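Taking it in order: structure first as structure tokens, then the write-up.
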Amino acid sequence: MTRALGAAMLAVIMTMTAGATAQAQTGELIGQSGAWKAYRAGSGGNSVCFITSTPIKLEGKYDRNNRGETRVFVTHHGRNGEDRGVVSSVAGYRFEEGRDVVFSIDGKAFNLFSDKTRAWATKPEQDRALVKSMKRGNKLKVTGVSSRGNKTIDTYSLKGFTAAMKKIDKACS
């Protein structure tokens, strides 16, 4: 899949997941496992289920008061294969244009493309590989560079990730 097609898919997915934090506040919390919370919004084929977590550690030379919410998401949109297990991240700032964001799971690196304040896997195969690694891993590090040139490294616990995924697999099946 080309970057252009990926960007088009991104636009569709962003529309579907815009305000995921707001959804978490208004959607149904279906469970929490370790560091991960699982949510469902909608019903039937229109349901969206996702898990989300916040960092256990934030690193970088920047003013913490100038940074917004930071989260990683894995989202299921309905019941279709390529719309399931979509990995994304919000950094709490605008990424440097054209710069990839690196997800590192116990030393294994994945380059995700960034668009404004979000990072996404480049294709469904990468989503699947990320989810597989996250299920087996202990820690996830997300490294990004802001539009101001500030490098950030956010560390997430993967404790409870697999159990949280099982909750959304069941809720959106």
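The table that follows gives values for the structure above.
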quantity	calculated
Residue within region 118-131 that is closer than 20 Å to Ala41 by Cβ, assigned to a loop (DSSP other than H, G, I, E, B) and either at pLDDT 95 or above or not charged (D, E, K, R) (or both) present	no
Region 50-65: number of residues that are surrounded by fewer than 20 Cβ atoms within 10 Å (Cβ to Cβ), in a loop (DSSP other than H, G, I, E, B) and in contact with a strand residue (DSSP E or B) (Cβ under 9 Å, 6 or more places away or on another chain)	5
Inter-residue pairs, beta-carbon under 6 Å, first within 12 Å of Val131 (Cβ to Cβ) and in region 154-173, second assigned to a helix (DSSP H, G or I), 6+ apart	Leu158/Met134; Phe161/Met134; Thr162/Lys135
Selection from region 132-166 of residues that are in a helix (DSSP H, G or I), closer than 26 Å to Glu28 by Cα and of a type in the set (Ser, Thr, Tyr)	Thr162
Checklist (1) within 17 Å of Gly60 (Cβ to Cβ); (2) under 12 Å from the mean Cα position of the chain (by Cα); (3) not basic (Lys, Arg) applied to Glu96, failing item	(2)
Sole exception among (1) under 19 Å from Ile56 (Cβ atoms); (2) of a type outside the set (Gly, Ala, Ser); (3) under 14 Å from the mean Cα position of the chain (by Cα) for Leu112, by number	(1)
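The values are calculated or read from the model by the stated rules, or taken from the named source; none is laboratory data. A quick note: this is a predicted structure, and the numbers were derived from the prediction, not measured. Glycine also receives a Cβ, built like all others from the backbone with ideal geometry; neighbour counts cover every protein chain displayed.
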